[in-house]
1. Less than 9 Å Cβ to Cβ from Asn49, Lys/Arg counted +1 and Asp/Glu -1: what total charge do the surrounding residues give?
2. What are the ³J(HN,Hα) couplings of segment 243-250, residue after residue, when phi is run through the Karplus curve with 6.51, -1.76, 1.60 and θ = phi - 60°? Round to Hz, x for glycine and proline.
3. Please give the contour-minus-distance gain from Ser83 to Gln679: 0.36 nm per residue of separation, less the Cα-Cα distance, rounded to one decimal in nm.
4. Going by amide H atoms built from the backbone, whose H comes under 5 Å of the H on Lys370, apart from near neighbours?
5. Using just the helices of the chain, give the 222 nm mean residue ellipticity in deg cm²/dmol: DSSP H runs with n ≥ 4 each add -39,500 (n - 2.57), and the total is spread over all residues, rounded to 500.
6. Based on the Cβ-Cβ distance from Ile655 to Glu632, what FRET efficiency comes out when R0 is 30 Å, to the nearest 0.05?
7. Points 7 angstrom from Cα along the Cβ direction at Ser485 and Phe278: gap in nanometres?
8. Using alpha carbon centroids, what distance separates segment 35-73 and segment 440-488, in Å?
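The values are calculated or read from the model by the stated rules, or taken from the named source; none is laboratory data. These numbers come from a predicted model, not from an experiment. Every residue, glycine as well, gets a Cβ built from its backbone with ideal geometry; the counts of neighbours run over all protein chains shown. SASA here: full protein model, heavy atoms, side chains in, ligands and nucleic acids out. Shrake-Rupley method; radii C 1.70, N 1.55, O 1.52, S 1.80 Å.
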Amino acid sequence: SCDASQLCNCFSMALEFIPPGLTSKITVLNLTHNKIKHIQSQDLQQAVNLRALLLQSNEISSIDEDAFQSLEKLELLDLSNNSLAHLSPVWFGHLFSLQHLHLQGNSYRDLGQSSPFSSLRNLSSLYLGNPQFSVIRQGNFEGIELLHKLWIDGSNLSQYEQGSLKSIKQINHMIINLRNSNIFSEIVRDLVHSVTWLEVTEIKLPVEKKSLVQNSTRPFRIQKLTFKEAFCTDQTISRTIVSLKEITSLKELEAINCVLEGQGIWNTKEIARSGQSFVETITIIKAMIQNFHLFFDLQGMESQINKLKRLTIASSNVFMVPCNLARHFSSLLYLDFHDNLLVNKRLDETICEHSWPSLQTLNLSQNSLKSLKETAEYTSRLPKLSNLDISQNNFGEIPDACEWPKLLKYLNLSSTQIPKVTTCIPQTLEVLDVSGNNLKEFGLQLPFLKELYLTRNQLKTLPGAAPIPSLVSLSVRRNKLNSFSKEEFESFRRMELLDASDNNFICSCEFLSFIHHEAGLTQVLVGWPDQYVCDSPLAVRGAQVGSVHLSLMECHRSLVVSLICVLVFLVILLLVAVGYKYHVVWYLRMTWAWLQAKRKPKRAPPKDVCYDAFVSYSENDSDWVENTMVRELEQACPPFRLCLHKRDFVPGKWIVDNIIDSIEKSRKTLFVLSEHFVQSEWCKYELDFSHFRLFDENNDAAILILLEPIQSKAIPKRFCKLRKIMNTKTYLEWPAGEEQQQMFWENLKGALKS
């Protein structure tokens, strides 16, 4: 049950004895909530380095005298809530390092005839008592000189020997549960020189006639006195006020959950005769006053309040303070009336002219104020007011103009149901809290504002920096903020703290880049990194903003798409260049033409053949073709009918179809070859589309006429069959001499007739 730091946890394991085998390595041993009844000598003998021993909530009724003898390093011993019927000084005799001792909740009735703690020189906190504890004797605390905290359950304490607690020279904080009012006075007399803060619970205040500081000499130490769940009447409270004035060191009085049975009919004359009070701070929380609406106005107490500096009356049904009484709080700096029943009409009486003349801080939160304009007007009567809290009042509306105290620096308007912020808010402010108001925007000009709290609103962006140039701290926690930019952040030149936690952040690339690369941003963000979580994209929802890194595609989608488009374009361009160089387009065209031609009969029916020859020539050779060859052949006897593209192609028909149809309707095809022919694009087409039809059939339908000498290699390589025919078959050459020309025409006519 032990961890790496040698903390051994045996909590609630139904153990009936301390487990054997404890070693010197153990530093903390937790045996709480078991069934241990007895602690024997050998149980803890080896645990010499134990620092904390927790034995509370067992059934321990007996402890061997030397059970703790080896625990010289023990600092915390908790034996509370067991069944110890007595305490032995021998148990603690060797606990020289013990600082915290818990003995409350057992069954002992007293501490014995002497002190059980005489050897505990380093003791800092001591917890004693139980419902059966009834006697405190002189000498019970001998040996203890200084305690940070002393807690005593003396709810049934019936006997206290005077001087029993005097042996303790200094107690910083003492808490005693005490119902016997007679013993209260005796204890206070013993403690005025040693205790700094005395807290008494469940006391029924006595009608004390004797002095609380009887035979005591100044200076006193006690500075703060707290009553919890105490009961008092008009009579006892009057006597208590008089008695406490004798403790000149007392500066602070506190009453929590106390009950006053009365109507405020106090003996003000006796109180006034007893002199000036030295108390500067009074705190009353959850005071129960039956029929509080009948409570008197405390007239006659004016002389007792003019030195008071801090007053808190909270959750106590206060609905007004009489104007005359308010004017006598001449030294009061701090007034807290939160969680009461103040309304605007009664506030006019409570803060009347010349009341609370020195007041600097006023808390009116959680009351029933309805008009912000009236509240501002009434508080403007306080010339020195700088801090005002009017949060959690249901104002509902906010006017465009208000009159405020001229020195107001802090204003809390959180959870007041105001729908917007207007120029009603004073420009003198250094701190403004408008949290919890469902505000959708904030654009007030507040040149001196240093802290702005906009928590729990509906803001979608950070407020503009220009109207609030002095801002040091900004809270936009729990809004509808999706992100904020580098420009927005850097516009707040003095920003030291920014709380943008608990928003639904869209973790875009721009936002993440800003978060990851902005120097010093994480030192400014409050709650970083745990409270900054992505809401979208869906893939990173719930992840901490600081740990999210999006991919290049997610962050630069348009750039990646552009690059892909450029690459595709370059690939297409490359393919076009390669296709042009290697005549890919030609092959595609030829494939299409071949497919088209394959669908048609290999030879046109005789009735469809209407030309003797289709002439394929270059436009640059048209003069020879049209003026020489056509005249010679078409005027021959019998005449030949030639198909020329200029004359015989069907207008509007696709040129490819015209070429194929003309070749198919002609018995022969004449190719007038020249350098111009080889360079002519349309001649290439005519060669292309006749190539499959004529040469694949291995017939003599093609007649080649060489108009001028041309090298075989000048013919494009893709026309391999044409080049082969020129190398293997005879072709006609146009001669220069007239005699040879006559022979040329005879040979050509013979070829056309064959």
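1. Details: positive: Lys25, Arg51, Lys73; negative: none.
The answer is +3.
2. Computed from phi, the couplings for segment 243-250 are 5, 5, 4, 6, 8, 5, 7, 5 Hz.
3. On the way: separation 596, 0.36 × 596 = 214.56 nm, distance 12.15 nm.
That works out to 202.4 nm of additional length.
4. Result for Lys370 returns Asn344.
5. -6500 deg cm²/dmol
6. Values: r = 27 Å, r/R0 = 0.92.
Efficiency at R0 = 30 Å is approximately 0.65.
7. Roughly 6.5 nm, to one decimal.
8. Cα centroid of segment 35-73 versus Cα centroid of segment 440-488: 59 Å apart.
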